[in-house]
Amino acid sequence: VLSIAMFYGPAEGILRGGALALDVAGPYLVARLSIRSLTDLRRLLVLMAPGVFLAGLSMMIESITQTQIVSPLAAKVFGALPTYADGAETGMARSFVNFRYGLLRGAGPFAHPIPGGLFLASLLPLYFSSGLRNWPRKMGLAAGAMAFFSVSSAAILSMLIFAVLTAYDRLQRFFAFASWRVFLVLASILLLVVELGSQNGLVSIISRYTFNPGTAYSRLLIWEYGTQSIARNPLWGIAFTDYERASWMSNSIDNHWLLLGVRHGLVVPVALLTLSIVTIFGVSMAGNQHGEADRRLYVGIAVAVFALALSGFTVAFFGGLLTWFVLLLGIGISVSG
């Protein structure tokens, strides 16, 4: 609210900045008030299971048949969604149609394949570690697996993170030295070495592992020009105005943390990143105080938050994905208290 008000004035700050703030504060407060224990979270996962399964199934059908189904149908019933530029409505949105490896990048009920894939992939650690049985767990895991049909590098990276971290968690039963404390220390050292030793840092390394090398190069340029914009406007950012970049580049910023920094200054992304780290450590510490069944679900929350936070360096969160990410943070803080 303050960053928008400093750029456009108090009225715009309250209206436009308030709407952005509500997108974050609303889901967080709902989670804090509604999900007070792991039992509440398990109930939520049971209630979600049929819906997320249908969402994933629609994404898979669209991808295999190479035909968009949900978005055109919704547009006929409710009307087409608007597009926005500089925070203002500029026209009606067009459906995103893109093919990779003979598959349509399915979006199902989501605004775009990337946030749809990331949302579904984040369900894998939650349902796998939930302790639920029978159809809710099977439906949730199936929905998470169908994130593949977004054909998104970010979604598949999240699925790989889930597989690696879950396997490491199971190794702790056989090797005493394989603790999460050791893992976090080693991972921190590795990330620091990569950041300092590679040519363009961690973002460069992550961006290389994408299906489209062109988008990887574009993300590197976005990072370069975006960080320059933050350096020039570190406190309040530049709100909805375009950041300085090469003339042929798009004005989109495919990096959630960078986008927040360009738009609002450093305080907002640092605060949200800090909350993400606090959430991960909070649920990790809480897990040590409970039995094995609950401990696994705490680990599942930590893995889901970590995978989404890491994906935020290559993807901008919007719509339902932003709501889900903040909701997870609220859930993590609530159940670890």
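Any idea what diffusion coefficient segment 1-125 gets from Stokes-Einstein, in µm²/s, Kirkwood Rh on alpha carbon pairs, 37 °C, 0.692 mPa s?
The Stokes-Einstein estimate is 189 µm²/s.
Name the residues whose placed amide hydrogens come within less than 5 Å of the amide hydrogen of F317, ignoring near sequence neighbours (fewer than 5 apart) on the same chain.
Hits under the 5 Å cutoff: H256.
Contact order normalised by length for the chain, with contacts defined as Cα pairs under 8 Å and 6 or more residues apart; what percent is it?
Relative contact order for the chain comes out at 23 percent.
From Cα pairs below 8 angstrom and at least 6 apart in sequence, can you work out the relative contact order of segment 255-309, rounded to a whole percent?
Computed value for segment 255-309: 29 percent relative contact order.
Helix by helix, which DSSP H runs in the chain go 15 Å or more along their axis at the Cα atoms and have an average Kyte-Doolittle hydropathy of -0.5 or more?
Going by DSSP H runs, the hits are 18-34, 38-65, 113-128, 134-145, 153-171, 180-197, 213-232, 267-287, 292-311, 320-336.
Expressed in nm to one decimal, what extension gain is obtained for the pair V46 and S34 from 0.36 nm per residue of sequence separation less their Cα-Cα distance?
In short, 2.8 nm is gained.
Given Cβ point charges of +1 (Lys, Arg) and -1 (Asp, Glu) and nothing else, what value in debye, to the nearest 20, does the dipole of the chain about its Cα centre take?
Here the size comes out at about 880 debye.
Amide H neighbours of L104 under 5 Å, at least 5 residues apart or on other chains, H built in the peptide plane: list them.
For L104, the qualifying residues are Q66.
What is the spin-label model distance, in nm, from F78 to E292 if the labels are put 7 Å beyond Cα along the C-beta direction?
For F78 paired with E292, the spin-label model returns 4.4 nm.
May I ask you to give the solvent-accessible area per residue for the chain, in square angstrom, as obtained with a 1.4 angstrom probe?
51 Å²
Taking 0.36 nm per residue of separation and subtracting the Cα-Cα distance, what length does fully extending A11 through S247 add?
81.7 nm
Going toward the positive end of the dipole of the chain, with +1 on Lys and Arg Cβ and -1 on Asp and Glu Cβ, which of L310, Q228, G51 do you reach last?
Farthest towards the positive pole: G51.
Could you give the length gained by full extension between L2 and L184, i.e. 0.36 nm per residue of separation minus their alpha carbon distance, to one decimal place?
62.0 nm is the gain from fully extending L2 to L184.
The values are calculated or read from the model by the stated rules, or taken from the named source; none is laboratory data. Treat the numbers as computed from the prediction; the structure is a model and nothing was measured. So basically every Cβ, Gly included, is an ideal-geometry build from the backbone, and we count neighbours across all protein chains shown. Surface accessibility is based on the protein's heavy atoms, side chains included, excluding ligands, DNA and RNA. Shrake-Rupley method; radii C 1.70, N 1.55, O 1.52, S 1.80 Å.
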